[in-house]
Number of protein chains: 2
Amino acid sequence: MNEASMRAVRLTETMGVPAVDPATPLPARIEGETLVRVRAAALNHRDVYIMQGKYPGITLPVTLGSDGAGEADGREVVIDPMLGWGDDDRVWRTGASILGMPRDGTMAGYVAVPNENVHAKPAHLSLDEAAALPLAGLTAYRALFTRGGLSSGETVLITGVGGGVQTFVLLFAKAAGARTIVTSGSDEKLTRATALGADVAINYRTDEAWYKAVRKAGPIDLAVDSAGGATLARCIDAVRPGGRVVLYGGSNGDATVRPFSIFWNHLDVLGTSMGSPRDFAAMLAFVERERIRPAIDRVYPMDRVAEAMRRMDEAHQFGKIVIRVD
Amino acid sequence: MNEASMRAVRLTETMGVPAVDPATPLPARIEGETLVRVRAAALNHRDVYIMQGKYPGITLPVTLGSDGAGEADGREVVIDPMLGWGDDDRVWRTGASILGMPRDGTMAGYVAVPNENVHAKPAHLSLDEAAALPLAGLTAYRALFTRGGLSSGETVLITGVGGGVQTFVLLFAKAAGARTIVTSGSDEKLTRATALGADVAINYRTDEAWYKAVRKAGPIDLAVDSAGGATLARCIDAVRPGGRVVLYGGSNGDATVRPFSIFWNHLDVLGTSMGSPRDFAAMLAFVERERIRPAIDRVYPMDRVAEAMRRMDEAHQFGKIVIRVD
């Protein structure tokens, strides 16, 4: 890489395939921003949705990547991918955005971000591990704690374990002293989740009565879901009276819910997405204090990003898919 | 009425019609309970649902009535209809119940209730007005404040104004300094709601674009709904990012909701039903401090209870239907 250009994973057209452009200009240096020398990035479903044209307000071309870790100002750093959240912890302000579209992202030799988005890397993590943390860790932390209000000794239902966020939900819930019930359609993922500390593992594909098994393993204080659809409706029926359901995605589409289950049981159904700067700082402190190590699925070189994206799209991964920036 | 018996509105069979039994035995005197000489009762949808066999766990025969005001121990009192809520303010305990089935209710010369359910009547209210307060006032107070967290200056959407609870939601929201948007299918009810202080009134039957009008009148911080169905889905789409939807009923059945609206906008969808002893005491104090007078639709004598129930079932009322106990 020479001084004026860098390698970057660029997406130039919707429904296109991202590829490395070896002569991408370096980001401009702007007052109030830091240029981070990226060493590792990581994939999120967001990147796949952008590639597939399934994300609101797509503007191309762009350098993909919300997650990144590297070096800046002589120290190892990790980047908060939430840009311009604002002062209200309840909700991001209009105009807030996520690193990696429209702003050029982390799958590049360098990325420019506001100074306040640059944090010291937790000392116990490698750069690959630190790159696995930001978006999924932030989303999981806010879902479980800021929104879900998880307490030690409570039981958490984690639907569809295996994805980046749900894997952090499992790790964080265990570190916080909760009991965990995980579901997946894959026995292999359930085995891995059990190895990470899941107390009850239920296969919704092979066990037709999975929903009864979930309820039997309760009472469930908190369910964390990103499927939506019938799974969200099941979560609403599964939690105990006075329980909470936190939702951060809806890949299975609309949910038909029974109002009676919500009002008669005094439930909270709580939406969340990303997290505030306070959430990010609290998440990093929690990870450092509890010495949590992200579950990493595979590490790919930049040139194989299309293959990595396919693996994520097909939901084969368990934990985070890291892209080593070279 | 002689010493051993009393007049009471009895329902003896599901799908039957409640009628006055002039020789109902007085409730037994039990340690820890108070015998209230009832002067006025009031109807709730619950009574109609019980009559129609549409309520969980119906046991008959029973004296109907959750709402009552009268005299006990030489003072005028109003009755908290929530029995055995328990210590957790988030949710009632298993086994909690509502006065007026299975326990004999207030449409009778006397009703026996636990001592702690008997409260001094707010001084500015008549006994008819006090009888209109308990169940609907409690539900509205908890929906707006305990669950909805309403603050002065916020905007509240109140769907289907006219019923007892929604009318209290309107009165309480105005007293708390909120701006209110009400909807109804009846211009007459909208006119009455406007007279009670509603800031924006929208007819969902005559205005096909009512939903757009609601959004235009926003941003809406909090929606309070008991319809469920498509109305609940509209409420979820109508509130501002970071807003809340509180749900205490579901007469229109299942709702098809879009997970994206909930998680992307960081919404709270919160179920509630009745309220805790703390909610009831806070509601009474609020009503007394703000000198709120319930909206009373009509006052019926006991003998015309079947006609009163029909009026409620057909949703002709605006505010509470009172049954004078004679």
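The table below lists the values:
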| quantity | calculated |
| --- | --- |
| Members of segment A:182-228 found to be acidic (Asp, Glu) and in contact with a Pro (Cβ under 7 Å, 6 or more places away or on another chain), listed by number | none |
| Members of segment A:20-33 found to be closer than 17 Å to residue A:306 by Cβ and in contact with a helix residue (DSSP H, G or I) (Cβ under 7 Å, 6 or more places away or on another chain), listed by number | A:20 |
| Residue tally, condition over 20 Å from residue A:22 (Cα atoms), at pLDDT 95 or above and either touching a helix residue (DSSP H, G or I) at 6+ places or on another chain (Cβ under 8 Å) or hydroxyl-bearing (Ser, Thr, Tyr) (or both), over segment A:84-106 | 5 |
| Search result, residues across segment B:46-64 that are touching a helix residue (DSSP H, G or I) at 6+ places or on another chain (Cβ under 7 Å) and within 21 Å of residue B:80 (Cβ to Cβ) | B:47, B:55, B:64 |
| Matching residues, segment A:207-232, being crowded, with 18+ Cβ neighbours inside 10 Å and within 13 Å of chain B (Cβ to nearest Cβ) | A:221, A:222, A:224, A:225, A:226, A:227, A:228, A:231, A:232 |
| Selected residue (only one of A:192, A:179 is farther than 24 Å from residue A:130 by Cα and not assigned by TED's automatic domain parsing to the domain that holds residue A:312) | A:179 |
| Residue match in segment B:107-115 (condition: modelled with pLDDT of 95 or more, in a loop (DSSP other than H, G, I, E, B), within 26 Å of residue B:314 (Cα to Cα) and assigned by TED's automatic domain parsing to the domain that holds residue B:76) | yes |
| In segment A:233-252, residue nearest to the other protein chains (Cβ to nearest Cβ) [restricted to those that are touching an Asp or Glu at 6+ places or on another chain (Cβ under 9 Å) and assigned to a strand (DSSP E or B)] | A:242 |
| Subset of segment B:66-110 [within 14 Å of another protein chain (Cβ to nearest Cβ) and closer than 17 Å to residue B:42 by Cα] | B:82, B:98 |
| Any chance residue B:326 is under 25 Å from residue B:11 (Cβ atoms), under 22 Å from the mean Cα position of the chain (by Cα) and away from chain A (no Cβ under 14 Å) | no |
| Within segment A:253-297, considering residues that are more than 7 Å from chain B (Cβ to nearest Cβ) and aromatic (Phe, Trp, Tyr), the one nearest to residue B:243 (Cα to Cα) | A:280 |
| Lone unmet requirement of (1) surrounded by 20 or more Cβ atoms within 10 Å (Cβ to Cβ); (2) under 18 Å from the mean Cα position of the chain (by Cα); (3) of a type in the set (Gly, Ala, Ser); (4) farther than 20 Å from residue A:316 by Cβ for residue A:97 | (1) |
| From B:179, B:142, residue being surrounded by 23 or more Cβ atoms within 10 Å (Cβ to Cβ), touching a residue at least 24 places away in the same chain (Cβ under 8 Å) and either closer than 13 Å to residue B:282 by Cα or of a type outside the set (A, V, I, L, M, F, W, C) (or both) | B:142 |
| Unique residue being without any contact (Cβ under 8 Å) to a residue 12 or more places away in the chain and buried (at least 16 other Cβ atoms within 10 Å of the Cβ) when the list is B:91, B:48 | B:91 |
| Residues of segment B:251-266 classified as at positive phi and either surrounded by 18 or more Cβ atoms within 10 Å (Cβ to Cβ) or not assigned by TED's automatic domain parsing to the domain that holds residue B:231 (or both), total | 1 |
| Flag if residue B:1 is under 22 Å from residue B:127 (Cα atoms) and modelled with pLDDT of 95 or more | no |
| Which listed residue is under 30 Å from residue B:55 (Cβ atoms) and either in a strand (DSSP E or B) or assigned by TED's automatic domain parsing to the domain that holds residue A:48 (or both), from A:308, A:223, A:315, A:230 | A:223 |
| For residue A:59: the one exception among (1) surrounded by fewer than 20 Cβ atoms within 10 Å (Cβ to Cβ); (2) in contact (Cβ under 8 Å) with a residue 40 or more places away in the chain; (3) within 23 Å of residue A:299 (Cβ to Cβ) | (3) |
| Qualifying positions in segment A:215-233 - among the charged types (D, E, K, R) and at pLDDT 95 or above | A:221, A:225 |
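The values are calculated or read from the model by the stated rules, or taken from the named source; none is laboratory data. What you are looking at is a predicted structure, and each value in this text was computed from that prediction instead of being measured. Don't worry about glycine lacking a Cβ; one is built from the backbone with ideal geometry, like all the others, and counts go over all protein chains shown.
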